[in-house]
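A short write-up of the structure that comes next.
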Amino acid sequence: MSSIHVNNVKLYYQSVGNGTETIVFSHGYLMDNTMFNGQIDALKNKFKCISYDQRGHGKSEVTKEGYALDNLVKDAISLIEELNLGSVHFVGMSTGGFVGMRIALQRPDLLKSLVLMDTSAEDEDEKSLKQYNQLLWMIKNIGWFAVISKVFPLLFHSSFIQNDSKKEEKKKWKNIITGHSKKGVIPFGKGIFSRNSVLEKFSNITIPTAIMVGEFDVATPPDYAKRMASKIPDASFYTIPDAGHSAAVEKPVDVANAIQDFYSKNGFI
């Protein structure tokens with residue numbers, strides 16, 4: 001794990017593999033870069049794989065400000081430029097997808113392809129926004145113990161939560177989620193939940209794009225993914241069976257296979 005100072009924040013990142021082309025992995029809210037370990041293991045022999053922690057998450061700096069979505073996009077752009085990665089393949093889950101789609105719209109020169117996973121191009125609907133703001137209030141005023149039982153089913157499908165063979169992995173993710181600093185994740189949440197829709201701009205995305213969604217994603221349901229795919233010319237669409245919002249963690253092999261299929265179809269491998 002290495003760190004780099006860009007856009008007034010110290011970001012931690014992992015670099016694995018020695019391929020001639022680079023994939024940048026960008027994780028979702030309350031997660032960290034390790035959520036992509038299954039995909040990186042499958043791709044590291046063919047690509048250089050960069051996975052980073054968003055500001056306020058994992059081992060990246062908890063800043064006093066800078067959590068507006070536009071600034072998270074700037075974090076990612078600055079990381080790509082400062083590491084001299086050139087044009088990359090970008091894989092974004094949830095918040096990482098919010099970031100990736102905006103890079104594609106603002107700086108398409110930085111991207112060779114785009115994978116949008118368990119994410120949305122639309123603004124937060126009123127019902128979800130009310131629920132998420134209540135959770136943020138509880139985290140701030142009561143603590144993580146009061147909300148982890150509510151957050152976990154938003155992130156993972158019941159087939160994962162109830163799987164006894166996943167006991168250690170579930171423990172790992174509960175520790176990661178509750179280990180985040182309130183000073184980071186609360187303003188981060190407010191920043192991403194107040195985002196504006198960019199769905200109407202998706203016809204401007206011309207790079208090869210794949211849309212992936214867990215079959216039972218409740219945070220960004222498959223209908224969101226279908227609307228994105230319908231707007232992008234020649235977009236590839238993948239449903240990850242028996243998975244929720246964190247398909248990359250729940251079904252690492254299925255997601256890795258989908259990414260490799262997408263890259264193969266477009267001549268990247």
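Assess whether VAL218 counts as being touching a Leu at 6+ places or on another chain (Cβ under 7 Å), closer than 26 Å to THR34 by Cα and aliphatic (A, V, I, L, M). Judged against the criteria, VAL218 is a match. Here LYS10, LYS46 are screened, and the one residue that is touching a helix residue (DSSP H, G or I) at 6+ places or on another chain (Cβ under 9 Å) and of a type in the set (Lys, Arg) is LYS46. Screening segment 212-269 for helices (runs of 4 or more DSSP H) wholly inside it with 1 or more residues that are more than 20 Å from GLY28 (Cβ to Cβ) returns the ranges 222-231, 252-265.
In segment 13-28, the qualifying residues are those that are surrounded by fewer than 20 Cβ atoms within 10 Å (Cβ to Cβ) and among the β-branched types (Val, Ile, Thr), and the one that is nearest to LYS59 (Cα to Cα) is VAL16.
Only a single item in (1) touching a helix residue (DSSP H, G or I) at 6+ places or on another chain (Cβ under 6 Å); (2) closer than 19 Å to ALA210 by Cβ; (3) among the aliphatic types (A, V, I, L, M) is not met by LEU69, and it is number (2). Picking from residues in segment 201-211 that are among the hydrophobic types (A, V, I, L, M, F, W, C) and more than 15 Å from the chain's Cα centre (by Cα), the one that is nearest to PHE25 (Cα to Cα) is ILE207. Summed over segment 43-85, the residues that are closer than 14 Å to ASN8 by Cβ, basic (Lys, Arg), in a loop (DSSP other than H, G, I, E, B) and touching a strand residue (DSSP E or B) at 6+ places or on another chain (Cβ under 9 Å) give a count of 1.
Selection of segment 107-142 for residues being in a helix (DSSP H, G or I) and in contact with a Ser or Thr (Cβ under 9 Å, 6 or more places away or on another chain) yields PRO108, ASP109, LEU110, LEU129.
Filter segment 171-206 for residues that are of a type in the set (Lys, Arg) and surrounded by 17 or more Cβ atoms within 10 Å (Cβ to Cβ) and give the result. Walk me through how you get there before you give the answer.
As a first pass, look at segment 171-206 and keep what is of a type in the set (Lys, Arg): 171-172, 174, 182-183, 190, 195, 201.
Selection gives ARG195 alone.
I'd like to verify a number: residues in segment 249-269 that are farther than 25 Å from GLU168 by Cβ, surrounded by fewer than 17 Cβ atoms within 10 Å (Cβ to Cβ) and not hydrophobic (A, V, I, L, M, F, W, C), how many? Going through segment 249-269 one residue at a time, the tally reaches 5.
Taking the criterion of being more than 12 Å from HIS89 (Cα to Cα) and of a type in the set (A, V, I, L, M), the residues of segment 2-42 that qualify are ILE4, VAL6, VAL9, LEU11, VAL16, LEU30, MET31, MET35, ILE40, ALA42. Taken residue by residue, segment 198-205 has at least one member that is at pLDDT 95 or above, small (Gly, Ala, Ser) and more than 22 Å from SER60 (Cα to Cα).
The values are calculated or read from the model by the stated rules, or taken from the named source; none is laboratory data. This structure is a prediction, so every number in the text was calculated from the model and none was measured. Every residue, glycine as well, gets a Cβ built from its backbone with ideal geometry; the counts of neighbours run over all protein chains shown.
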